[in-house]
Structures are given as structure tokens and as C-alpha cells.
1. Which condition does residue B:160 not pass, out of (1) within 14 Å of chain A (Cβ to nearest Cβ); (2) over 16 Å from residue B:128 (Cβ atoms); (3) touching a Ser or Thr at 6+ places or on another chain (Cβ under 6 Å); (4) without any contact (Cβ under 8 Å) to a residue 60 or more places away in the chain, if it passes all the others?
2. Here are the criteria: (1) surrounded by 13 or more Cβ atoms within 10 Å (Cβ to Cβ); (2) among the small types (Gly, Ala, Ser); (3) farther than 30 Å from residue B:257 by Cβ. Tell me which single one residue B:12 does not satisfy.
3. Hey, can you tell me all the residues within the stretch B:273-322 that are within 21 Å of residue B:223 (Cβ to Cβ) and hydroxyl-bearing (Ser, Thr, Tyr)?
4. Could you give me the residue pairs with C-beta distances under 8 Å whose first residue belongs to the stretch B:1-24 and is at pLDDT 85 or above, whose second residue is aliphatic (A, V, I, L, M) wherever it lies, and which are 6+ apart or on separate chains?
5. Restricting the search to the stretch A:15-25, which residues are of a type in the set (A, V, I, L, M, F, W, C) and either at pLDDT 90 or above or farther than 27 Å from residue B:141 by Cβ (or both)?
6. Hey, can you tell me all the residues within the stretch B:165-202 that are surrounded by fewer than 17 Cβ atoms within 10 Å (Cβ to Cβ), outside any helix (DSSP H, G or I) and modelled with pLDDT of 95 or more?
7. Any idea which residue in the stretch A:39-66 is farthest from residue A:24 (Cα to Cα), counting only those that are of a type outside the set (Val, Ile, Thr), crowded, with 16+ Cβ neighbours inside 10 Å and more than 9 Å from chain B (Cβ to nearest Cβ)?
Amino acid sequence: MSGAPVAFDEGDVGEEIRRMLAPFNAADIAMTDDTDIAADLQIDSVDTMDLIMAIEDKYDISIPINLLSEVRTIGDLARIVVQSSPK
Amino acid sequence: MDLFDKFQPLIGLRGSLVSDDADPFGVCMDEVLSAAEATINGRRTILAGTNNYLGLTFDSGAIDAAVGALRKEGTGTTGSRIANGTYSGHQALEADIARFLGRRSAIVFTTGYQANLGMLAGLAGPKDTILIDADSHASIYDGCKLSGAEIIRFRHNDPADLDRRLGRLDPAASNKLVVVEGIYSMFGDRAPLAEFAEVKARHNAYLAVDEAHSFGVFGENGRGVAEADGVEDKTDFVVGTFSKSLGATGGFLASDHAVLDILRVASRPYMYTASLTPSVAASVGATLRRIAADPALRATLWRNIDRLHGRLSDAGLSLCAGKGPILAVRTPGPAEAYAMWRRLLEAGIYVNLAIPPGTPGGVSLLRCSVSAAHTPEHIECIADALIAVAGSANQTPAPQTARFG
């Protein structure tokens, strides 16, 4: 990334994650920050780790997969992305 | 509430896919007839789903060595290496492994799984970063977790993706350990080790290569893919198993690092388990000597690989990778894969069924392994049967499910 680091907005990040998850939303549920990634969207642990890789590339950040134990909902994931943003 | 409630989805999945009379995850060999044949369900069956690549499980020298050690040193050590479990045979085997690999030293573990746990939990700690291939074996994931290090995944067999992810990390903030496998156990595909070695050197990281499926198979001397690709001097740690080409059980870690031995008193998977039984240490020493002395074994294996790969490719089967000891046939989906697996078993051919989530990319496959113990007739029988079941199954690949990047 060039220029001064810019912290991410949690709302924008949440929206981007919902966009990335849309192809997996087979039941077409209304996704919110409280949507449970595994239970509501039937996304398994491997796909969740692949999602993390895609998010790392989208925002050019590192998210160790150790943090996955703290992620249940879309909102949890958005918070981790914001915490990992350039300071 | 029941402790087992969380397994209901798995119980449902298993029940929907697998019949009680043919469980692909519970096949019992009633009688093992040779390195390449067994009796299963009363039927003489060709084994094409083992990891017995050099066919050495019945090597007479290994059996004699094991029996000798059994009579001389007993059935087990009853203790860990740091207590009463170090015998002269363990130390001799460590010296033999180090000499074979041309490394300063080697440490032997009780299983291959523990070798990865022991390496990763020993080498890396909470202030370090481990970068692992996305398709890594479970033992690598578990070892990373046990280490407490930060874990970053990179895309499978993609040195440019590793380069990008290493580039995001603070060069001074932590030690970085990159872990790849020479050959991957499900698809049988091979890591581009020279490119990985170049990337790790540029980022001043360490490189560990798991040669579990490539030891004894690749390289002029059978030292693995690092030898075949000419990057042994750029590989900091070699980890592997005795339960494939060496025909027993156990694992090893070898390196030129001057301080490797400290892991013996710092790596819990080494310290807190009973050591290899003396008979196993003796048999592994014997098969290692056989591999070093008898390159014809590898030549036989590669002739079998060439023939089976050629026949399956010519018949239009969808193979997951190029030539290697693992030839995985892609199938349309789990139900079709199971039906094909079952028909093969009924035809006297045992292969491995592999279905999601245990496979990369949600692919369902029939995993065949090739052995130097297979006769030309075995190879033709395996090919005929696979081509027949693939021809009768719907070979249209399953629609691609949604995947991330």
C-alpha cells in the first residue's frame, strides 16, 4: 500500500465481508453483523480460513489464523480486520 | 445434553454416505499376505491404498533385525527418551538418518505425526511466525497450534503468494518459519521447492520441508524432493516419517543447525511419550540401509508409476497431479466416489476414499498409491478396475461450488 496508513471503518469492512460471503448464502438469509458464519451460512472451517486469506489480500494485512477462535459472527470478523489495519 | 451432540452433523453425513457393510474408514485386513496383497472380506485383494511405496514391510533384513532386537531388548522401552527410553538402537538410528540425509544431526520421534508436532512446537514459540501451505497435513496444523506461534496460511504451492504474505510481516519483529511438503498426501502434487527456497532466502526466513511422501521416492539417493530439486542446502529442516517408504512407524527431524539437540529437552511431543520400540528402531535402520544400497527398488517403483499413470491418463481419467507415488483420481462427488470405491473393493482392489472436508478444494477422490512391491500384473489389474468403474460412473465433474479467491 502506498501513502499514509488508513484505519478501516468497521461498517465498511462488515459490508465487504457480506459481499464476499454472498456466493455462499445459498438460503439467501439477510446477513447482519450477528450472522453466525458457520451455523447460519454452513461455511466450514477450511472455507473460513480461505475467507481470511481473501480478506488479507483485499486489505493488504496479516490476520493470523490463531484469531479464528475469536470469530463466530460477521461482526467478530470485521472487528479483527479493523484491529489488524495499519496503525 | 450429551457430550456427543456436537457430532450429530458428522453422524448424519456418515450415515447418508456409507453403508454399514462397506465402511471406507473402517476396512479391516483379515490377513496380510504380502506388501501388496491382503484378504479383505474373505477376498484376495490388491493393496493400492497404502503408503508402502518401496514395498519394504516384509523386507527379510528388516524382519530379522526387528526379531533380533525384540529378543535382545524386549517388546518396549516403557519410557520416554529423556527418562529410561533411550537405547543404543535409537542413537544409532539417529546417526544413520543424519548420515543418509547428509545432515549434522537428527532426532527420532515415536510417530510421524509427533515428528511434525515436535518440530513445530519445539522450534517456534509465541513470538515467532509460522507460514504454512493451505493444504498442509493435519499434523502441521496441530503442531502450529501447539507451538503458540502466529500462523499465516499461504495459497497452496504458490511461492508468489508466500512472497506477498512474508512481505506484509515486519522483518525484525519475529523469526519466520515456512513449512511445505515435498509431496502432498491427497492430490500427490509436488511443491515447487526451488522457488520456495528462493522466496524464503529473500525474506531471511527458515524453511522446513516435510518429505513424508517423498523420502525414498525422489532424488538420486532417495532423500526426497529437496534432493531432486537441488535445494537441500537451502532447506533448514527436513522432517519425515518411517511409516511410508521405510515400512514401519515413527518419524524424524534432521538439520545442520548446531543447536538442534536442545529440542530433546524443550519439545514436549519428544519428551512426554514413550520412545520407539527397539524392534521398530532396528527394522527402520535395516530398511534405510536397503534404500541406500538398492536403487533398483526406486527404479521398480517408478516403472510402476509410469505404467499406471500412463494407463489412467490414456483412458481419460481426471488425475489430480503428475507422476508420483500417489495417483489421485478426481470423481464427480462424494456419493459417486463412494460407489466407485465400493465397486473397486468388490473387484479385489483396495484404494483410499477421500472426501471433503478432508480434501483440498472440496474434491472427492480415489487415492491410489503405487508400490515397488506391485507386480506388472497388479498394475494392470488396478488400471483395468479403475478404468472400468470410472467408465460406468458419471464422470462429469461436479459443479464448482463457491470458493474464496
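1. (3)
2. Tallying (1) surrounded by 13 or more Cβ atoms within 10 Å (Cβ to Cβ); (2) among the small types (Gly, Ala, Ser); (3) farther than 30 Å from residue B:257 by Cβ, residue B:12 fails exactly one: (1).
3. B:283, B:287, B:300 - these are the residues of the stretch B:273-322 that are within 21 Å of residue B:223 (Cβ to Cβ) and hydroxyl-bearing (Ser, Thr, Tyr).
4. Listed by first residue and then by second, the contacts come to B:22/B:345; B:24/B:18; B:24/B:353.
5. A:17, A:20, A:21, A:22, listed by residue number.
6. Of everything in the stretch B:165-202, those that are surrounded by fewer than 17 Cβ atoms within 10 Å (Cβ to Cβ), outside any helix (DSSP H, G or I) and modelled with pLDDT of 95 or more turn out to be B:168, B:175, B:192.
7. My answer is A:59.
Residue by residue, here is whether (1) over 19 Å from residue B:92 (Cα atoms); (2) of a type in the set (Lys, Arg) holds:
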residue: B:230; (1), (2): yes, no
residue: B:252; (1), (2): no, no
residue: B:273; (1), (2): yes, no
residue: B:286; (1), (2): no, no
residue: B:311; (1), (2): yes, yes
residue: B:315; (1), (2): yes, no
residue: B:319; (1), (2): yes, no
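The values are calculated or read from the model by the stated rules, or taken from the named source; none is laboratory data. Source: prediction; values computed, not measured. All Cβ positions, even for glycine, are placed from backbone atoms using ideal geometry, and neighbour counts span all protein chains on display.
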